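The values are calculated or read from the model by the stated rules, or taken from the named source; none is laboratory data. Remember, it's a predicted structure, so these values are computed and weren't measured experimentally. Glycine also receives a Cβ, built like all others from the backbone with ideal geometry; neighbour counts cover every protein chain displayed.
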Amino acid sequence: MNDRSSCHVLVVGGAGYIGSHVTKALRDAGYHVTVFDNLRAGLRQNLLPGIPFFHGDILIPEQIQEAMSGMSAVIHLAALKAAGESMVKPERYATHNLNGTINLLNAATAEGVKRLVFSSSAAVYGQPEYLPLDEDHPKRPINFYGFTKLEIERILGWYDQLKQLRYASLRYFNAAGYDVDGELNGLEQSPQNLLPIVMETIMGTRPYIAVYGDDYDTPDGSCIRDYIHLTDLADAHVRALDYLNTNDQSLTVNLGTSSGLSVFEVLKAAKEISQVDFTVNVAPRRPGDPAKLLAKYDRAREFLGWNPQHSNVTTLIETMLRAYRSQP
């Protein structure tokens, strides 16, 4: 049986952009939640009233061990995630993503925690050999960030086998949007993805937006990406934890929509919804950018009963615009 109210969940990275949405979804689903965060990328603004908060760092084993005491499950969202930076500063990513995760896993197993939901990434796949990408697609990361995510998945496989730590590894595609209820509006720190950059351009903190390549083999020449709304993403974490609570086996699934949006489609919708005619400049292609990235999410639908409900361009942009315009 899955008794949510008796399941105490530690959300590691729960004050972050994605983590705060996952925390809210778990709370609303009836789980007992505690947030663990070092507040380097997370925000106090994202800490929800009434939810216990432990200010700590996964790089300090004693802190994560203390926070893990009494927990039934853990959601692991604490990672450095800038793919470009990972190629310049691999030591930071090795230390934080790999060493930090090992500290977390050792704390979990020492405290008898048997269920873990892991924030993985489509970056484990590398350049697509076919589309849409399914979970069995070859995994050849083209950046060190993606390598760390894949390496953690491999480590999880061993902890599953040796320590009976059951896990759900959720391979995100492009996470975007803000809480559809409007409760969470804390802006993502140092964003590097298209939609937050569009928002900053609309708000006037950037002079223009650069489109890297308009000659791809796509209908309008710009890259196509698979965007998933954070409310849908958070719902998948709840369903993944439900799955682990009722099935004694681990699971790896993609989280995407199978239907992408091109850069120019996003820009057109952003101009219409915001009523701001911002400047767009076409720049040369960036090396390593595939023309299309689309997820096959049949496995998430089959095992978790998950279907993205809010991941359309209108909801993505409207919720982001509300969050950005709500700032002081």
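Below are the figures for this structure:
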{"item": "Identity of the residue in region 219-252, out of contact with any helix residue (DSSP H, G or I) (no Cβ under 9 Å at 6 or more places or on another chain) and crowded, with 18+ Cβ neighbours inside 10 Å, that ends up nearest to ASP179 (Cα to Cα)", "result": "ASP232"}
{"item": "Region 77-92, residues that are of a type in the set (A, V, I, L, M) and within 19 Å of ASN38 (Cα to Cα)", "result": "LEU77, ALA78, ALA79, LEU80, ALA82"}
{"item": "The listed residue being in contact with a Leu (Cβ under 9 Å, 6 or more places away or on another chain) and either closer than 20 Å to LYS271 by Cα or outside the structural domain of ILE75 (by TED's automatic domain parsing) (or both), out of LEU184, LEU170, LEU131", "result": "LEU184"}
{"item": "Residues within region 16-30 that are part of a loop (DSSP other than H, G, I, E, B) and either farther than 17 Å from GLY100 by Cα or at pLDDT below 95 (or both), tallied", "result": "1"}
{"item": "Residue within region 271-288 that is crowded, with 23+ Cβ neighbours inside 10 Å and at pLDDT 95 or above present", "result": "no"}
{"item": "Qualifying residue in region 117-125 (condition: among the hydrophobic types (A, V, I, L, M, F, W, C), in the same structural domain as VAL35 (by TED's automatic domain parsing) and surrounded by fewer than 23 Cβ atoms within 10 Å (Cβ to Cβ))", "result": "no"}
{"item": "Residue, farthest from LEU251 (Cα to Cα), within region 118-168, restricted to residues that are part of a helix (DSSP H, G or I) and of a type in the set (S, T, N, Q)", "result": "THR148"}
{"item": "Region 1-24 residues that are in the same structural domain as SER72 (by TED's automatic domain parsing) and without any contact (Cβ under 8 Å) to a residue 60 or more places away in the chain, paired with ones that are assigned to a strand (DSSP E or B) and of a type in the set (Ser, Thr, Tyr) (beta carbon under 9 Å, 6 or more apart)", "result": "GLY19/SER119"}
{"item": "Per-region count, region 253-285, residues among the β-branched types (Val, Ile, Thr) and touching a helix residue (DSSP H, G or I) at 6+ places or on another chain (Cβ under 7 Å)", "result": "6"}
{"item": "Unique match (being touching a strand residue (DSSP E or B) at 6+ places or on another chain (Cβ under 8 Å) and not charged (D, E, K, R)) among GLY70, GLY30", "result": "GLY70"}
{"item": "Residues within region 166-201 that are farther than 30 Å from PRO132 by Cβ and hydrophobic (A, V, I, L, M, F, W, C), tallied", "result": "1"}
{"item": "Residues of region 183-203 classified as surrounded by fewer than 16 Cβ atoms within 10 Å (Cβ to Cβ) and within 16 Å of the chain's Cα centre (by Cα), total", "result": "5"}
{"item": "Filtered residues of region 169-182 (kept if in a loop (DSSP other than H, G, I, E, B) and under 11 Å from the mean Cα position of the chain (by Cα))", "result": "PHE173"}
{"item": "Cross-chain or 6+ apart pairs with Cβ under 6 Å, region 154-173 first and over 17 Å from ILE18 (Cα atoms), then aromatic (Phe, Trp, Tyr)", "result": "LEU156/TYR167; LEU165/TYR159; TYR167/PHE118"}
{"item": "All positions within region 81-107 that are buried (at least 16 other Cβ atoms within 10 Å of the Cβ), polar (S, T, N, Q) and farther than 22 Å from SER190 by Cα", "result": "THR101, ASN103, ASN106"}
